[in-house]
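Undergrad: Just dropping this structure here.
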Amino acid sequence: AKPSGRHFHRNHQLGAPLTLADLEAINRCEKFLPKNFNFAGDVLDQWSQKEKTGERPANPALWWVNGKGDEVKWSFGELGSLSRKAANVLTKPCGLQRGDRVAVILPRVPEWWLINVACMRTGLVFMPGTTQLTAKDILYRLQVSKAKCIVVSEEVAPAVESIVSECPNVKTKLLVSPHSRNGWLSFQELFRSASEEHHCVETGSQEPMAIYFTSGTTGSPKMALHSQSSLGIGYTLCGRYWLDLKSSDIIWNMSDTGWIKAAIGSVFSSWLQGACVFVHRMAQFDTDTFLDTLTTYPITTLCSAPTVYRMLVQKDLKRYKFKKLRHCLTGGEPLNPEVLEQWKAQTGLELYEGYGQTEVGIICANQKGQEIKPGSMGKGVVPYDVQIIDEKGNILPPGKEGEIALKIKTTRPFCFFSEYVDNPEKTAATMRGNFYITGDRGMMDSDGYFWFVGRADDVIISSGYRIGPFEVESALIEHPAVVESAVVSSPDPLRGEVVKAFVVLSAPFKFSNLEKLTLELQDHVKKSTAPYKYPRKVEFVQELPKTITGKIKRNVLRDQEWGRA
Ligand code: BCO
């Protein structure tokens, strides 16, 4: 039997450092997963050594700019010493211990990378979140995760202060800001006096490393747990074959720090290959800044959501001369073949789409060297066995539509998430027969290429965000104008699909100015939950379609939106 990485443990051979070739072989399941693995010690510190011996080009490991003239460039050596200092901040004044959970809600600032690596060095469980989270979202995350520490920037601090008294497990509030704030420990201040001496813990390969919150059809977001190896080794081949990275490359992955795409593109895949991670602070996305950045900096590799490419192809791209760009990637939502063609016609570059999820990472991709079929998301990636299955868990033949699934029995791939924390029912609900079901529908053609069809459930995929309708409906119902609502996806030329709310109004609001009320409801949702979830379309209706038992039939409204019979 092939090593699964899960059941066969072995220590590094005689303590010899793991090589990139070892990690690739483990990722292919040709070698056993080591008993212990730590990304900081086993990967980053190795690159730091290679820098010293000249085996890696003199390229920064992290190159950060903010568009206002500020710039940070760290080699792997500097990343090593600075993250050791950050590790000492977390364990000493913050008093955190291996296994403790740390919520980190930071914009794209260099400290996000430092704290991420510091968590690896100390065995703390990193829980990233987008700065769009509201006080209510943060409260929920802190309560269910029982996080011991929260790390935020200045703009998020007031939201935390408004709810933290309801979070008894939070012992430390750490602020990343040049200014101090009452009730908060200052990361910058503690960092200045922290020692560079730190001994990286020997984490087990299957030990928890990170928790990502992910939205479903019902209920609040679930906590998807990833291990040291699922993130730390599981992206070795992705970095080499999808991102096509070498240590001389500079990758700009646009994703917000809160999403697993940031972990994939701006931490693990890139640093596994020794490449430079480029970051632009860009608080608000702007196409001009984006294009200027590509013409100014020697970025070789770009990864961004299809919505960004849809926005970019509306510009006259031939006017721009990108400095070094040679490889472009996209993922998070389906890419239209027209956008791929337009991007290629205007820039001469292909767009390599990848498909994946928070739970499982990248599972299909158009990899470098592979023929691209426009509209397809490529082939299943090693070590995943991707199949299309029916409702009984049977594999469907090419050309048949079904659910996109991953074979997990008898051998569960190690790069797979461990579980939904404290939620065995939800974890079990993702299994069908020998498979993990993604919740997405698709088909595979006779050449093994996968084609995305849509969600099997009510989750909305808009601008690369996965949005649970229940969360938006829960926000809407808090407004006195709303008796009930149904939230579904609606087609949109720019964002692929957007959130649409069908709203039944309460009697006092029936004769309101509906345009004004729409804006009010949108604003209300933006304040109640992360703004990216707000309904960009609102329709007021007398009643909602329901089943005989009174359950709202979202599928009827969704089909109506998409013009389906
Ligand atoms: O469009 P609007 O202006 O009406 O609304 C925007 C913001 O203005 C608004 N907003 C943000 N902060 C706010 C606020 N409103 C009030 N108060 C605040 N504090 O909310 C809306 C947010 O929408 P957005 O984020 O889509 O903004 P924008 O500027 O249109 O950005 C476009 C994109 C494409 C850059 C953005 O949508 C994006 O980054 N999308 C990609 C998401 C992504 O990375 N997904 C990957 C997830 S991981 C994954 O899929 C697994 C794959 C393996």
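Undergrad: Filter the stretch 375-400 for residues that are more than 21 Å from Phe416 (Cα to Cα) and surrounded by 16 or more Cβ atoms within 10 Å (Cβ to Cβ); which is farthest from the ligand (Cβ to nearest atom)?
TA: Among those residues, the one meeting the criterion is Leu396.
Undergrad: In the stretch 546-562, what count of residues is obtained for those that are without any contact (Cβ under 8 Å) to a residue 24 or more places away in the chain and either among the aromatic types (Phe, Trp, Tyr) or touching a helix residue (DSSP H, G or I) at 6+ places or on another chain (Cβ under 7 Å) (or both)?
TA: 0
Undergrad: To continue, here is another question. Residues that are without any contact (Cβ under 8 Å) to a residue 40 or more places away in the chain and closer than 26 Å to Gly95 by Cβ: list the helices (runs of 4 or more DSSP H) wholly contained in the stretch 164-271 that include at least 1 such residues.
TA: Helices (runs of 4 or more DSSP H) meeting the threshold: 187-193.
Undergrad: Now a separate question. Does Glu403 satisfy the criteria of being over 30 Å from Ala58 (Cα atoms), crowded, with 21+ Cβ neighbours inside 10 Å and within 16 Å of the ligand (Cβ to nearest atom)?
TA: Spelling it out, it is not the case that Glu403 is over 30 Å from Ala58 (Cα atoms), crowded, with 21+ Cβ neighbours inside 10 Å and within 16 Å of the ligand (Cβ to nearest atom).
Undergrad: Between residues in the stretch 477-495 that are more than 13 Å from Glu539 (Cα to Cα) and residues that are among the charged types (D, E, K, R) and within 15 Å of the ligand (Cβ to nearest atom), which pairs lie under 7 Å by C-beta distance while being six or more apart or on different chains?
TA: From residues that are more than 13 Å from Glu539 (Cα to Cα), the pairs are Pro491/Glu497; Leu494/Arg310.
Undergrad: Counting only residues that are part of a helix (DSSP H, G or I) and more than 30 Å from the chain's Cα centre (by Cα), how many does the stretch 528-565 have?
TA: Final tally of qualifying residues: 2.
Undergrad: Would you say Ile467 is without any contact (Cβ under 8 Å) to a residue 60 or more places away in the chain and either out of contact with any Leu (no Cβ under 8 Å at 6 or more places or on another chain) or within 16 Å of the ligand (Cβ to nearest atom) (or both)? Break it down stepwise before answering.
TA: Values: without any contact (Cβ under 8 Å) to a residue 60 or more places away in the chain: no; either out of contact with any Leu (no Cβ under 8 Å at 6 or more places or on another chain) or within 16 Å of the ligand (Cβ to nearest atom) (or both): yes.
In short, no.
Undergrad: Also, I was wondering about something else. Taking the conditions exactly as written (touching a strand residue (DSSP E or B) at 6+ places or on another chain (Cβ under 7 Å) and hydrophobic (A, V, I, L, M, F, W, C)), does Ala405 satisfy them or not?
TA: In short, yes.
Undergrad: Still on this structure, I have one more. Taking the stretch 340-362, which residues are of a type in the set (A, V, I, L, M), within 16 Å of the ligand (Cβ to nearest atom) and farther than 11 Å from Cys328 by Cα?
TA: Going residue by residue through the stretch 340-362, those that are of a type in the set (A, V, I, L, M) are 340, 345, 349, 351, 360, 362.
Subset that is within 16 Å of the ligand (Cβ to nearest atom): 351, 360, 362.
Once the filter is applied, which keeps residues that are of a type in the set (A, V, I, L, M), within 16 Å of the ligand (Cβ to nearest atom) and farther than 11 Å from Cys328 by Cα, the stretch 340-362 yields Val360, Ile362.
Undergrad: Okay, moving on. Of these, Arg141, Arg108, which one is at pLDDT 95 or above, among the basic types (Lys, Arg) and either in contact with a helix residue (DSSP H, G or I) (Cβ under 9 Å, 6 or more places away or on another chain) or not in a helix (DSSP H, G or I) (or both)?
TA: Just a single option satisfies the conditions, and that option is Arg108.
Undergrad: Among the numbered criteria (1) over 15 Å from Lys553 (Cα atoms); (2) away from the ligand (no atom under 16 Å from the Cβ), which single criterion is violated by Asp440?
TA: Of the numbered conditions (1) over 15 Å from Lys553 (Cα atoms); (2) away from the ligand (no atom under 16 Å from the Cβ), the odd one out for Asp440 is (2).
Undergrad: Would you pick out the residues in the stretch 57-82 that are crowded, with 21+ Cβ neighbours inside 10 Å and not hydrophobic (A, V, I, L, M, F, W, C)?
TA: Passing the criteria: only Gly80.
Undergrad: Moving on to the next point. Quick one: in the stretch 95-114, which of the residues that are within 18 Å of His280 (Cα to Cα) and of a type in the set (Val, Ile, Thr) is farthest from the chain's Cα centre (by Cα)?
TA: If we take residues in the stretch 95-114 being within 18 Å of His280 (Cα to Cα) and of a type in the set (Val, Ile, Thr), then Val109 is farthest from the chain's Cα centre (by Cα).
Undergrad: Looking at the structure I just gave you, is Ser304 farther than 29 Å from Asp22 by Cβ, within 13 Å of the ligand (Cβ to nearest atom) and buried (at least 24 other Cβ atoms within 10 Å of the Cβ)?
TA: Values: farther than 29 Å from Asp22 by Cβ: yes; within 13 Å of the ligand (Cβ to nearest atom): yes; buried (at least 24 other Cβ atoms within 10 Å of the Cβ): yes.
So Ser304 fits the description; yes.
Undergrad: Take the conditions modelled with pLDDT of 95 or more, basic (Lys, Arg) and either crowded, with 18+ Cβ neighbours inside 10 Å or near the ligand (Cβ under 9 Å from one of its atoms) (or both) and apply them to Arg281. Does it pass?
TA: Answer is no for this residue.
Undergrad: Can you name every residue in the stretch 483-499 that is part of a strand (DSSP E or B) and within 14 Å of the ligand (Cβ to nearest atom)?
TA: Scanning the stretch 483-499 gives Asp492, Gly496, Glu497, Val498, Val499.
Undergrad: Need the failing condition index for Glu371 against (1) assigned to a helix (DSSP H, G or I); (2) more than 16 Å from the ligand (Cβ to nearest atom), just the number.
TA: The failed condition is (1).
Undergrad: Would you check if Gly332 is within 23 Å of Gln370 (Cβ to Cβ) and within 13 Å of the ligand (Cβ to nearest atom)?
TA: Answer is yes for this residue.
Undergrad: Checking Asp523 against (1) within 16 Å of the ligand (Cβ to nearest atom); (2) charged (D, E, K, R); (3) closer than 19 Å to Gln560 by Cβ, which test does it fail?
TA: (3)
Undergrad: Residues of the stretch 422-436 being surrounded by 19 or more Cβ atoms within 10 Å (Cβ to Cβ) and more than 16 Å from the ligand (Cβ to nearest atom), which ones?
TA: Residues of the stretch 422-436 that are surrounded by 19 or more Cβ atoms within 10 Å (Cβ to Cβ), as a first pass: 427, 430, 435-436.
Residues satisfying the conditions are Thr427, Phe435.
Undergrad: Give the stretch 291-342 a look and list any residue that's in a loop (DSSP other than H, G, I, E, B), closer than 17 Å to Glu353 by Cα and among the aliphatic types (A, V, I, L, M), or say none.
TA: Ala305, Val313, Leu325, Leu335
Undergrad: For the stretch 473-518, give me each residue that is surrounded by fewer than 13 Cβ atoms within 10 Å (Cβ to Cβ) and among the aromatic types (Phe, Trp, Tyr).
TA: Phe511
Undergrad: Quick one: Ile250 ticks every box in (1) within 15 Å of the ligand (Cβ to nearest atom); (2) surrounded by fewer than 24 Cβ atoms within 10 Å (Cβ to Cβ); (3) closer than 20 Å to Leu44 by Cβ except a single one, so which number is it?
TA: Just one mismatch for Ile250, condition (1).
Conditions tested, residue by residue: (1) part of a loop (DSSP other than H, G, I, E, B); (2) at pLDDT below 95.
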{"residue": "Gln387", "(1), (2)": "no, no"}
{"residue": "Gly399", "(1), (2)": "yes, no"}
{"residue": "Ile404", "(1), (2)": "no, no"}
{"residue": "Pro413", "(1), (2)": "yes, yes"}
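The values are calculated or read from the model by the stated rules, or taken from the named source; none is laboratory data. What you see is a predicted model; the values in this text were computed from it and never measured. We place every Cβ from the backbone using ideal geometry, glycine too, and count neighbours over all the protein chains shown.
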